[in-house]
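The structure appears right after this line, and notes come after that.
The values are calculated or read from the model by the stated rules, or taken from the named source; none is laboratory data. Because the structure is a prediction, the values reported are computed rather than measured. Note: ideal-geometry Cβ built from the backbone for every residue, glycine included; neighbour counts use all protein chains shown.
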Amino acid sequence: MVDVKLNNITFGYNAEFVLNNISLTVENGEFVVVVGPNGAGKSTLLKIIAGLVEPAGGQVLIGGHRVRNAARQGIIGYVPQHYAQNTAAFPATVEEIVALGLVNSGLSLKSKGAKHIVSHMLELVGADMLKGRRIGELSGGQQQRVMVARALAGNPQLLLLDEPTSGIDYAASVKIYQLLSQLNTTLGITIVMVSHDIENATCSAAKVACINRSLCFFGSSEQFRSSHATMRHLWYYSGYTG
């Protein structure tokens with residue numbers, strides 16, 4: 001398990017700040033959902049934690065390590081927004097997609113060891129019966145399960161997900177949240193998830209971070225729902241969309 005410490009994170013485009021002095025700590029094994037209006041910087045913040053975007057100022061530490069070191073150690077698993085839909089046209093099977101999560105493991109993707117890990121990850125997310133099917137043949141919910149399995153194949157201690165239920169129906173969304181809760185509680189994986197599905201996401205996660213350029217709330221899901229969820233700044237923002 002790892003913690004995530006954000007110290008005064010700032011980021012902007014063309015002199016306009018998208019994120020302004022964000023500081024918070026996600027403790028070992030916590031499940032945190034990041035919410036806020038469109039354009040408030042949620043996805044950008046997740047990319048900064050994943051090491052895909054450099055902040056203009058501040059520092060991110062993951063398990064006490066700088067992001068690049070954490071990434072090299074395989075600590076981070078990242079599921080970007082719409083990744084499943086973007087790969088749907090690839091002529092690849094589910095098994096091959098999940099095996100891509102082992103690229104940096106040193107294992108041959110066709111070895112018995114790699115095949116065992118892939119099978120185990122698919123079983124873990126409830127998609128083992130899909131391994132021989134093409135990724136484009138699956139429903140949106142099934143594709144998201146496969147993408148989570150791919151991220152888990154590298155044995156991360158931190159799982160980052162950007163809108164994992166976007167574009168899938170309510171029933172499939174509920175199953176994705178149940179899966180993430182199970183991974184968090186049974187495996188102790190630290191999870192940070194960006195979501196617009198505030199009702200379901202805040203019921204699944206233990207804590208909520210509300211972002212609107214700056215950090216406007218960080219606390220328990222219960223406190224968020226009772227005192228913060230209806231506040232105007234959660235919904236309105238007129239800046240950069242990201």
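Of the set (1) in contact with a strand residue (DSSP E or B) (Cβ under 9 Å, 6 or more places away or on another chain); (2) polar (S, T, N, Q); (3) under 26 Å from Ala40 (Cα atoms), all apply to Thr185 but (3). Filtered by the rule that a residue be at positive phi and polar (S, T, N, Q), segment 1-17 gives Asn8, Asn14.
Inspect all residues belonging to segment 172-193 and state whether any of them is hydroxyl-bearing (Ser, Thr, Tyr), out of contact with any His (no Cβ under 8 Å at 6 or more places or on another chain), touching a residue at least 12 places away in the same chain (Cβ under 8 Å) and outside any helix (DSSP H, G or I). Looking through segment 172-193, at least one residue is hydroxyl-bearing (Ser, Thr, Tyr), out of contact with any His (no Cβ under 8 Å at 6 or more places or on another chain), touching a residue at least 12 places away in the same chain (Cβ under 8 Å) and outside any helix (DSSP H, G or I). Could you please find all residues in segment 21-37 being part of a loop (DSSP other than H, G, I, E, B) and buried (at least 17 other Cβ atoms within 10 Å of the Cβ)? Selection gives Gly29, Glu30, Gly36, Pro37. Answer yes or no: is there a residue in segment 45-52 that is in contact with a Lys or Arg (Cβ under 7 Å, 6 or more places away or on another chain), on the phi < 0 side of the Ramachandran plot and in the same structural domain as Glu222 (by TED's automatic domain parsing). The answer is no, given that none of the residues of segment 45-52 is in contact with a Lys or Arg (Cβ under 7 Å, 6 or more places away or on another chain), on the phi < 0 side of the Ramachandran plot and in the same structural domain as Glu222 (by TED's automatic domain parsing). The residue of segment 70-114 that is modelled with the lowest pLDDT, among those that are within 15 Å of Leu52 (Cβ to Cβ) and in a helix (DSSP H, G or I), is Tyr83. Restricting segment 1-20 to residues that are touching a residue at least 60 places away in the same chain (Cβ under 8 Å) and either farther than 14 Å from Lys207 by Cβ or not assigned by TED's automatic domain parsing to the domain that holds Thr186 (or both) leaves a set whose member that is surrounded by the most Cβ atoms within 10 Å (Cβ to Cβ) is Leu19.
The number of residues in segment 49-66 that are surrounded by 22 or more Cβ atoms within 10 Å (Cβ to Cβ) and without any contact (Cβ under 8 Å) to a residue 40 or more places away in the chain comes to 0.
Yes or no: Gly39 in the same structural domain as Val194 (by TED's automatic domain parsing), under 30 Å from Gly136 (Cα atoms) and either touching a residue at least 12 places away in the same chain (Cβ under 8 Å) or not basic (Lys, Arg) (or both)? Against the criterion (in the same structural domain as Val194 (by TED's automatic domain parsing), under 30 Å from Gly136 (Cα atoms) and either touching a residue at least 12 places away in the same chain (Cβ under 8 Å) or not basic (Lys, Arg) (or both)), Gly39 qualifies.
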